[in-house]
Amino acid sequence: MDILANAGPEWLENQYRLWRDDPASVPDDLRAFFSGFEIAAHDGDAAPRDLVRKQAAVELLIQRYREIGHLQACTDPLDPCPPPHPALAPETFGLEQSDLDSVFHPGDLVPNGATLRQILDRLRQTYSRTVGVEFMHIQDQTEREWLRRKMEESGNRLQLNPDEKLAILRKLQEAGLFEIFLHRRFLGQKRFSLEGGETMIPLLDEITRNAAASGVCDLILGMAHRGRLNVLANIFGKPLPNMFAEFTDNVELAFVGEGDVKYHKGYSCDREFPNGRKLHMSIASNPSHLEAVDPVVIGKCRARHSNYGPGGRKKVLPVLIHGDAAFAGQGMVAETLNLSQIDGYQVGGTIHVVLNNQIGFTTSPQHARSTPYATDVAKMLMVPIFHVHGEDPEAAAHVARLAVEYRQTFGRDVIIEIICYRRQGHNEGDDPSFTQPLMYEKIRRRPPVHEVYAARLIEEGIDPAAIRAQADAINARLEEALGGESVPIGAGYRGKWSNIQRHYEPVEITTGVPENILRKLAVRLSSIPKSFSAHPKVVRLLEARRRMAEEGSGIDWGTAEALAFATLLTEGTPIRLSGQDCRRGTFNHRHAVLIDTTNDQPYVPLGFLSPTQAPIQVYNSMLSENAVLGFEYGYSLEMPEGLTIWEAQFGDFANGAQVSIDQFISSSGSKWDRTSGLVMFLPHGYEGQGAEHSSARIERYLQLCADHNLQVVFPSTPAQFFHLLRRQMKVPWRRPLIVFTPKSLLRHPDCRSSLAELSQGRFREILTDSAAKKAVRTILLCSGKIYFELAARRRDEERDDVALVRIEQLYPLREDLLAQALQSYPKAETFAWVQEEPANGGAWSHLRPRLTALLGKEPVYVGRPAMAATAVGSHRQHVREQKKLISKAFSL
């Protein structure tokens, strides 16, 4: 009872007297408490006071077990059970040995009363045996009481018949014998063995069965390499001949591009259970960056449950498996946990399984974290955390059932920590006794987990012959599969991706929209309900956009973007945009979500264009780049028909998402045959704002480019941006699109387009100007904002001999179109590449060899010298540098 958690005897005695005088004068919990046991009828008797004290002491003892019983739990297979915790001793609460056989009435534990001895046995069984649970930090009383009742009613144990126990043993045997077989047949090969943590397999099996029974249709699993092959074989049912072929490095086996090692690959399957329920299961591909897959899985689940519509959250279950060192040490874990209850990122709860090997690569826990448990970071969510003995698969199965039921009931995360060990080193060629000799001496003496559990079942009377028969059948299946033929497994581009073309090819697709449609949409976008009180400045901005469309000129960046979104939505393309402050836009240019000035209620004009339009989602994200970008990448994998966009607050800040960019966005198509149509908006431009607000690091994205894996684009006009966004959804293939978006150009008077430019044509990879071509002697090639400064200088100096050629798409570079553009200037002799970025940044290093090959000579470089920081912090210095490079360009 919460009210008794910190109650003292004197306070209770006083409350008791009040209750005797007037029962309504004390809280409901105390009325039930005082009514729950027999007391003498008169105030002066000492017996009632003594009984109140002892009853209160029992209540406090029960409360203390619920709070810290986990500290006395026996959960470590390598160490003896901890001694009795002094804070849980009856004597600490003033109870004596003579009280052990006295009857007490703690109503919510044993409603009909029990002896103190029986109460202690129930408490130890529930909170201090092979399951330790932390749940009293949960502030929601409904959740806390639900958990308490479920755990105390069962004593945190399952009542299993012999067949059910043999089924659990079979999953343990499959896990253990699989590892032993691999070790014997493929000696020395890396497999990141699950040995010591095999209990994870029956736990996952129980999660999948209960998930299907509770109405889950899709389960998406994310995990790093430890135990991944075992999960693929014994949970996902990946054909064993295929897995063994991967050990023999059979490159013909569904190997795409560069491919990846076998313990990074994804897989999907459909499982059918005896109750007739079906479950589609996917394991997401994941690099060795451990927790990088976490937000990807969450994003995939968000997209899938969105497709299901109302109730979708209960139909899609994310499961993430973590290592103990990574869960405590990787910031991605906290970022992903933080997403769990944020609007726009919720998925109805994730089941987290922490496989606690009690060691990192070679690092012991005392050197890897500052908290008692590896799971302590999860307390930020106020969700249940279960610590399970790694050699008690029955306890793990019970917790798995409880976790699924809790998640389906409350839509919140659950943490299950399996405390186990790692029999081999970090990999099978490693000797862990170098760094943990005492630990590995203990491990060496321990039999495999399936043998430990088998011996326990034999003690309980289960026939040893049945146990041996299961093991023999599993070994026979493994041996048979070793010589079996591999089964063809479809790679990517199935299901919802079946209409998407795998290979990239340059296509020229008309993306213009008739002017009358654009004008109608502009009116809809500028219309505000009469009952809505918009900010006066926003009203003026919307009116200006409407006038731009009506007049057909002066269309700025924000208007072109809004019209691109509107046209796609009305054509049936769903759109999702997220990022820090993206609803308004960092530079106050978007205002996709309006806020009522009187009540803070939102209004989304893009959501009220047409009764038949596709849905629009615009979410301000938490202050994270890596997790949010990973989430949107995962979302895009499940939405090839939708436009998924992540916007950085400043392009520089994408640095914080480098792992997601390198390991997923730029390379997953080559490694795992899983590409994405994700769009990244990266504000870029040198305006004297310092090194953290200038550069989106164009050079980094270009360094990642190969085999048409990315589109890297620096559009210079609103019309180009309009057509680019529409092109992304009209091309037959999907590739991530990196867009360097402007800052100062958002309001630059020369950075404008006409309505005719939006209604006609397409995105143009190369833009030439209207210079008198025969008079041109010098060609300045450039990209982005610097064009407008060059154009202004040329106009001021009336330099008809200089042509400006903009490379709008930096990769894939349309060399054919660029060659055509340059050939139209027959007398050009001098060629230069002009950029505002330093020489070791921007597009120069990427374009330099390509332009040299195209021109037959190296172009002159015009730009800042190489710099350690991307930009100067002094606005005066910036202006001086900018003038210098513009002057140099026109003095060639």
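Values in this text are rule-based calculations from the coordinates and carry no lab data. Treat the numbers as computed from the prediction; the structure is a model and nothing was measured. A quick note on method: Cβ atoms are made from the backbone with ideal geometry, for glycine too, and the neighbour counts reach across all protein chains shown.
Summary of values
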| read-out | value |
| --- | --- |
| Of 496/730; 171/315; 171/262; 190/265; 278/314; 150/278, pairs whose Cα-Cα distance is over 18 Å | 171/315; 171/262; 150/278 |
| Amide H within-cut-off set for residue 219, under 5 Å, with H built and near neighbours excluded | 280, 281, 282, 317 |
| Integer Hz, Karplus 6.51/-1.76/1.60 couplings in order for the stretch 678-693, x for Gly and Pro | 4, 10, 10, 8, 10, x, 9, x, 8, 10, x, 9, x, 6, 9, 9 |
| Contour minus Cα-Cα distance for residue 92 and residue 655 (0.36 nm per residue) | 197.2 nm |
| Cα-centred dipole magnitude for the chain, charges only on beta-carbon of K, R (+1) and D, E (-1), debye, nearest 20 | 3560 debye |
| Net length gained if the chain between residue 341 and residue 101 were fully extended (0.36 nm per residue, minus Cα distance) | 81.7 nm |
| FRET efficiency, 1/(1 + (r/R0)^6) with R0 56 Å, evaluated for residue 370 and residue 884 via beta carbons | 0.65 |
| Full-extension gain in nm, residue 620 to residue 867, via 0.36 nm per residue minus C-alpha separation | 85.6 nm |
| Spacing of the two label points (7 Å from each Cα toward its C-beta) at residue 405 and residue 876, in nm | 7.3 nm |
| Ranked list, fewest to most other Cβ atoms within 10 Å of each Cβ, for 878, 426, 389 | 426, 878, 389 |
| Exposure proxy ranking, count of Cβ atoms within 10 Å, fewest first, for 371, 567 | 371, 567 |
| Sites residue 770 and residue 551 - FRET efficiency at Förster radius 35 Å, r taken between beta-carbons, to 0.05 | 0.95 |
| Built amide H within the under 5 Å cut-off of residue 619, gap 5+ | 577, 578, 579 |
| For residue 417, distant residues with modelled amide H under 5 Å away | 354, 386, 387, 388 |
| Residues residue 185 and residue 433, FRET efficiency given R0 of 22 Å [Cβ-Cβ distance, rounded to 0.05] | 0.35 |
| Inter-site label distance for residue 857 and residue 140 at 7 Å from Cα along Cβ, in nm | 7.2 nm |
| Under Karplus coefficients 6.51, -1.76 and 1.60, residue-wise ³J(HN,Hα) of the stretch 203-215 in Hz, glycine/proline x | 5, 5, 4, 5, 4, 5, 5, 6, 4, 4, 5, 8, x |
| Point-charge dipole on Cβ atoms (K/R +1, D/E -1) for the stretch 515-759, about Cα centre, debye to 20 | 540 debye |
| Distance in nm between pseudo-label sites at residue 444 and residue 50 (7 Å out along the Cβ direction from Cα) | 6.0 nm |
| Theoretical ellipticity at 222 nm over the chain - DSSP helices of four or more residues, -39500 (n - 2.57) apiece, nearest 500 | -12000 deg cm²/dmol |
| Residues in the stretch 536-572 reached by a label modelled at residue 612 [backbone nitrogen below 16 Å; 7 Å Cα→Cβ] | 567-572 |
| Residue exposure sequence - 697, 444 - by fewest surrounding Cβ within 10 Å | 444, 697 |
| Listed values (i) 13, 37, 30, 16, 4, 0; (ii) 13, 42, 39, 6, 0; (iii) 11, 30, 28, 17, 10, 3, 1, 0, entry calculated as P(r) over Cα pairs in 20 Å bins from 0, in percent | (i) |
| Whole-Hz couplings from phi, Karplus 6.51/-1.76/1.60, listed for the stretch 596-605; x for Gly and Pro | 5, 6, 9, 9, 6, 6, x, 9, 10, x |
| Residue pairs, from the table 857/883; 54/379; 300/520; 300/671, whose Cα atoms sit over 24 Å apart | 857/883; 54/379; 300/520 |
